[in-house]
Every structure is written in C-alpha cells, then in structure tokens.
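Computed from the coordinates by the stated procedures, all read-outs in this text should not be read as laboratory data. Every value quoted in this text rests on a predicted model; they were computed, and no experiment measured them. When we count neighbours, we look across all protein chains shown, and the Cβ atoms used for this are built from the backbone with ideal geometry, even at glycine.
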Amino acid sequence: MELKKVEKISKALADPNRLQILKSLHKKQACLYCSDINELIDLTQPSISHHLKQLTEAELIIAEKEGRNVKYTMNNKMIDQYVSFLLALKV
C-alpha cells in the first residue's frame, strides 16, 4: 500500500464523526443512505455529506448512486489492506 494512501486513510479516520459513520455502517452490515446516517448521527446533512466524501475519497466506503439517492457500503478490502499495513509495522 502506498504511503500517500495510508496517510489519506489515517486522516479520514482521525475524525470521531467519520469513525461513528463507519461504526454505524458496520453495525448494519449492509448499506446506508445519507438520510439513514442523518438519523443515527446528530449532524447536519451538509456535515454528513462532507464526512461521507472524505471516507469515499479515502476508499473506506463505496458510494453507489441509486436514482436520486446514494447508498454507502463498507470497503472491507481497503480496510483489510490498511490493517495489514499497520500490522507490518509491528516489531
């Protein structure tokens, strides 16, 4: 995994709201829509959209357009790669 990618993921994970979004996605073990996340997290819709964009750009979640809505799912492959990178740092 490239260091730039690790940096981008680390920055995305540094925000507690983004961690909460990831935790919500994990709990549902499926997909969530922005409106679902809005009900789970006490943030304005623009703030949630901003955090979802950061997570999507870090490739931690996958955004799929469905008509006027966008559904978000966890990108387990990228999370596994990130965890593997961190584990490789252990002495």
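Quick rundown of the values:
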{"item": "FRET E, pair V6, I62, Förster distance 22 Å, beta-carbon r, rounded to 0.05", "result": "0.70"}
{"item": "Coarse-grained scattering of the stretch 3-87 at q = 0.21 Å⁻¹, given as base-10 log I(q)/I(0) from a Debye sum over alpha-carbon atoms", "result": "-0.97"}
{"item": "5 angstrom amide H check on I61, placed H, neighbours 5+ away", "result": "T56, N75"}
{"item": "Proximal aspartates and glutamates to K8, defined as alpha-carbon separation beneath 16 angstrom and excluding residues fewer than eight positions away on the same chain", "result": "E57, E59, D80"}
{"item": "Net charge of Cβ neighbours under 13 Å - reference K77; Lys, Arg +1; Asp, Glu -1", "result": "-1"}
{"item": "Gaussian network model of the chain, Cα within-10 Å springs - most flexible of L13, L60, L40", "result": "L40"}
{"item": "Contact order relative to length of the stretch 28-75, as percent, for alpha carbon pairs under 8 angstrom and 6 or more apart", "result": "43 percent"}
{"item": "Contact order relative to length of the stretch 3-87, as percent, for alpha carbon pairs under 8 angstrom and 6 or more apart", "result": "31 percent"}
{"item": "All lysines inside 19 Å of K71 as judged from Cα atoms, apart from same-chain residues fewer than 8 positions distant", "result": "K23, K27, K28, K53"}
